[in-house]
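Data block below; observations after.
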Amino acid sequence: MSGWFMLTVVGEDRPGIVARLTAALYDGGCNLGEASMLRLGGNFAILLMVQWEGGAARLAALVEPVTRSLGLAQHVDRIEGRLHQHVEPDVGITVSGSDRAGIVAHAVGAFAEAGLNILNLESGVGGSAERPLYIMHIEGQALEGIAPLRSALEILRREGIDASLTPIDTLIG
Amino acid sequence: MAVRPVLTFPDESLKRTAEPVEAFDDALRRAVADLEETMRAGPAAVGIAAPQVGWGRRVVIIDASARPQWPNHGRLVLVNPEIVAWEGSVVGREGCLSVPDYTGNVVRAERLTLEAFDERGGPLRYEMEGFEARVAQHEIDHLNGLLFIDRVVSRRKDLFRRKVYR
Ligand SMILES: [Zn+2]
C-alpha cells in the first residue's frame, strides 16, 4: 500500500535542484503529486507531495544523496492528505505598506477574526533598502462572508496599511 | 433530448478547431438541446461549447443569469460566434467541465462586442462585460481548440489587481 508524504527541501539556490530531485524520485519509483517550489531570499524551497511504497525513512534515504551533494536540508513527513481535495477560495486580499515589524501578524490577525481561512499566502519585500515596501497576497475562504473582512480592511487602512479585497467568483464552463 | 458525456482533457477533440455551422435545421436545434441539457446537468456550469461533447461545430451556450451582480443577457445560444471588438483586461478565476478539479487565474478582455447567429440563422449582436464577457471568451476558446489551462497566468494569485473595492 503506497502512502503520501510531504517532502520539504530547503537550501541555497542553484541551478538544477528541481531536475535532480525529481529525477531521483522518479528513478526510485515515486509518484509526484502537487508541489509548491519557489526562491525566497536566495534560498530555494520545495514542498512536494510524494506517493511512495515504502516508509518515511526509506524515502528520506532515497533523496538524501541528492540533497547532500547540493547542500540542502530535507525533511519527510507522512501525510493523510491526498489529491482531489481542493478547496476553492472565494476571496483574494492584497496588503501593502512600508515594511514594518508586525505587519503580517497584525493584518492576518484581523482577517482571522473576521472569519478568513487562509488557503494561500505569498508575500514579497520590494522597494529599496532605505524604503522597503511590503506586499502580501492572500487567497482564502471568507467563512463569515465578505462584510466582516471589508470592515477589517477599513481598520487596517486607517492605520496606514493599504489593503484591498476582491471576491473570487470561479467560472465553470 | 439527452445528456451527452463531457470530454475531458487530454481528449484530442478538445484541441481541434470547430467547423462553422452551415445548416440551421432541426438537426442543429436537437444538438443544441442536448448541449444545453448537458450543461444544466453539470456542476453549476455557466456555459458549454459544442466540442466539449465531441460535436465539432461552432456552437456555444452561455448563461450568466446566476450572477445577477453582473449585467448579463441570460441564456444565449450562439452559433458561429465572433468577437468583433474588445477592451480592457482583467484577471479572473476559471475552471472547466473538461478539466475537473482544477482552477486557475486567466486574463480576459473586460468588455467585448460579439456577433453570432441564433438557432434559426438570425443575426445577433451583444455588448458584454465582466463575468458574462469572460464566459463568452472561455467558450469561444473551446471552438478554437483552446482550454483555459493554455492561458493560466497563475494558479494561486492574481498577477495584478482586479476591481479594487474600497
Ligand atoms: Zn470550458
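Quick notes on this structure:
- Integer Hz, Karplus 6.51/-1.76/1.60 couplings in order for region A:77-89, x for Gly and Pro: 10, 6, 10, 7, x, 8, 6, 6, 10, 5, 10, 7, x
- Relative exposure of A:SER128, B:SER98, A:SER2, judged by other C-beta atoms within 10 Å (fewest first): A:SER128, A:SER2, B:SER98
- Helix-only CD estimate at 222 nm, as mean residue ellipticity for the protein assembly as shown, using -39500 (n - 2.57) per DSSP H run (n ≥ 4): -7500 deg cm²/dmol
- Take the Kirkwood radius over Cα pairs of region A:3-79, plug it into Stokes-Einstein at 20 °C and 1.002 mPa s, and you get 175 µm²/s for translational diffusion.
- Extension gain, A:ILE135-A:ALA35: 0.36 nm per intervening residue step, less the Cα-Cα distance, totals 33.7 nm.
- Between the amide H of A:ASP13 and those of A:ASN43, A:PHE44, distances stay under 5 Å, these residues lying 5 or more places away or on another chain, with hydrogens modeled in the peptide plane.
- Hz values of 3J(HN,Hα) by residue in region B:121-135 - Karplus curve (6.51, -1.76, 1.60), Gly and Pro given as x: x, x, x, 10, 8, 9, 9, 10, 8, x, 4, 5, 5, 5, 4
- Point-charge dipole on Cβ atoms (K/R +1, D/E -1) for chain B, about Cα centre, debye to 20: 860
- Taking Cα atoms only, the orientation of helix A:17-27 departs from the longest principal axis of chain A by about 50 degrees.
- Proxy reagent accessibility, fewest Cβ within 10 Å first, across B:VAL77, A:VAL125: A:VAL125, B:VAL77
- Computed from phi, the 3J(HN,Hα) profile of region B:93-102 under the Karplus parametrisation 6.51, -1.76, 1.60 (θ = phi - 60°) reads 8, 10, x, 8, 4, 8, 10, x, 6, 8 Hz, with x in place of Gly and Pro.
- Compared with the dominant Cα axis of chain B, that is its longest principal axis, helix B:26-41 is turned about 40°.
- Leading residue at positive end of dipole, region A:3-79 (Cβ point charges), from A:VAL63, A:ILE79, A:TRP4: A:VAL63
- In this structure the amide hydrogen of B:LEU124, modeled in the peptide plane, comes within under 5 Å of the amide hydrogens of B:ALA116, B:PHE117, B:ASP118, none closer than 5 places in sequence on its chain.
- Neighbour counts of other Cβ atoms within 10 Å put B:ILE61, A:ILE46 in the fewest-to-most order A:ILE46, B:ILE61.
- Options A:SER151, A:MET136, A:PHE111, ranked by Cα towards positive dipole end of region A:91-167, top entry (Cβ charges): A:SER151
- Environment charge at B:LEU124 (Cβ cut-off 10 Å; Lys +1, Arg +1, Asp -1, Glu -1): -1
- Chain A: C-alpha gyration tensor shape, a/c 1.5 cut-off, then a/b vs b/c: oblate
- Cβ-Cβ distance of B:ALA85 and A:ARG14, R₀ of 56 Å, FRET efficiency by 1/(1 + (r/R0)^6): the value works out to about 0.70.
- Mean shadow area of the protein assembly as shown over all directions, Cα convex hull, nm²: 20.8
- For the pair region B:41-82 and region A:58-116, the centres of their Cα atoms are 37 angstrom apart.
- Rounded to the nearest 20 debye, the dipole size of the protein assembly as shown about its Cα centre is 600 debye, using +1 on the Cβ of Lys and Arg and -1 on the Cβ of Asp and Glu.
Values in this text are rule-based calculations from the coordinates and carry no lab data. Not measured: the values here are computed from a predicted model. Because the Cβ atoms are built from the backbone with ideal geometry, glycine has one as well, and the counts that use them run over all protein chains shown.
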